[in-house]
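Peer 1: Before we start, here is the structure in question, set down as structure tokens.
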Amino acid sequence: MSLVLDRTAPTDAPILDVLAERWSTRVFDPESPIDESALRSALEAARWAPSGMNHQPWRMIVARRGSAAHQQVVDALMGFNQAWAPDAGALVVVLAETATAEGEARPWALYDAGQAAAHFTVQAHAEGLATHQMGGFVADDLHTAFDIDRRFQPVTVIAVGALGDVDAAEEGLRQRELAPRVRRSVEESLLVDD
Ligand SMILES: Cc1cc2nc3c(=O)[nH]c(=O)nc-3n(C[C@H](O)[C@H](O)[C@H](O)COP(=O)(O)O)c2cc1C
């Protein structure tokens, strides 16, 4: 399966197609239910992410559009995210287990949860799902809504679902979708390249 809109990154060196083609849409199809098989594979990919000491310090909340949980996650989103993200078939909250129940710190929890989220998005794209991660949410609202222990820190909310009709989207959204994809060069990221 492939997404219709081509947003392939103009890379300076060859990379895997799935990495070049993944991008963060803000136009989801508000009618399509989440593809359960594809979602399952994305969650499975997150499961197989590496982690420090194999602690797997991540947890997910899967909130399908139309569910009570979905409304709770939508309510926790900030600003403009509330305008487009609710259309996605599901919102997946990724949380990091920053400490064990016994109070032992999990120092790599945020890093590991991020890796799990990255695995999720890449697999989702390969399955034909669009994704968009969000840091714009109120963590306290998620803690309250789902009665989650404070040792679990919400890290990102991933909107995931079928790509919508970009041409039919409101002009502001459409422009964002079609804007060039940019990154600084590899060289600018290399503090040392001996
Ligand atoms: C941790 C994280 C938080 C983000 N937060 C938001 C957000 O709150 N709202 C939003 O519209 N995009 C958000 N984004 C999307 C980024 O803006 C986007 O990934 C970046 O511009 C690169 O675009 P691309 O994913 O299409 O390559 C976030 C991405 C990440 C990884």
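Peer 1: Work through the residues other than GLN123 whose Cβ is under 11 Å from its Cβ and net out their charges, Lys, Arg +1 and Asp, Glu -1.
Peer 2: Taking every other residue near GLN123 into account, the sum is +1.
Peer 1: Mind telling me which of GLU102, GLU36, GLU127 comes out most flexible in a GNM of the chain, alpha-carbon contacts under 10 Å?
Peer 2: The residue that fluctuates most here is GLU102.
Peer 1: Using the Cα centre of segment 62-190 as the reference point, and only Cβ charges (+1 on K/R, -1 on D/E), how large is the resulting charge dipole? Debye, rounded to the nearest 20.
Peer 2: For this selection, approximately 180 debye.
Peer 1: Got a number for carbon plus sulfur as a percent of the chain's accessible area, 1.4 Å probe?
Peer 2: Answer for the chain: carbon and sulfur cover 51 percent of the accessible area.
Peer 1: With runs of 4+ DSSP H residues as the only contributors, calculate the mean residue ellipticity of the chain at 222 nm using -39,500 (n - 2.57) per run, divided by the residue total and rounded to the nearest 500.
Peer 2: -9500 deg cm²/dmol
Peer 1: Now a separate question. Under a 1.4 angstrom probe, counting protein chains only, how are ARG47, ARG181 ranked by accessible area, largest first?
Peer 2: ARG47, ARG181
Peer 1: Moving to a separate point now. In a GNM of the chain with a 10 Å cut-off on Cα contacts, which of THR11, THR25, THR98 has the highest mean-square fluctuation?
Peer 2: So, out of THR11, THR25, THR98, the one fluctuating most is THR11.
Peer 1: Connecting C-alpha atoms closer than 10 Å in a GNM of the chain, tell me which of VAL182, VAL74, VAL94 has the biggest fluctuation.
Peer 2: Its mean-square fluctuation being the largest, the pick is VAL182.
Peer 1: Averaged per residue, what accessible surface does segment 20-117 expose to a 1.4 Å probe, in Å²?
Peer 2: Solvent-accessible surface per residue comes out at 48 Å².
Peer 1: With a 1.4 Å probe and every protein chain left in place, work out the accessible area per residue of segment 128-172 in Å², rounded to a whole number.
Peer 2: 44 Å²
Peer 1: Here's another thing I want to ask about it. Using a simple charge model, +1 on the beta-carbon of Lys and Arg, -1 on the beta-carbon of Asp and Glu, nothing else, what dipole does segment 123-178 show about its Cα centre, in debye to the nearest 20? Walk me through the intermediate numbers first.
Peer 2: Details: 4 positive and 10 negative charges, 53 e Å.
Approximately 260 debye in magnitude.
Peer 1: Now for a separate question. Which value, in debye to the nearest 20, gives the size of the charge dipole of segment 56-122 about its Cα centre, when Lys and Arg are +1 and Asp and Glu are -1 at the Cβ?
Peer 2: 220 debye
The values are calculated or read from the model by the stated rules, or taken from the named source; none is laboratory data. Computed from a predicted model, the values in this text were never measured in an experiment. No Cβ is skipped: glycine too gets one built from the backbone with ideal geometry, and neighbour counts run over all protein chains shown. Keep in mind that these areas ignore ligands, DNA and RNA; they rest on the heavy atoms of the full protein, side chains included. Shrake-Rupley method; radii C 1.70, N 1.55, O 1.52, S 1.80 Å.
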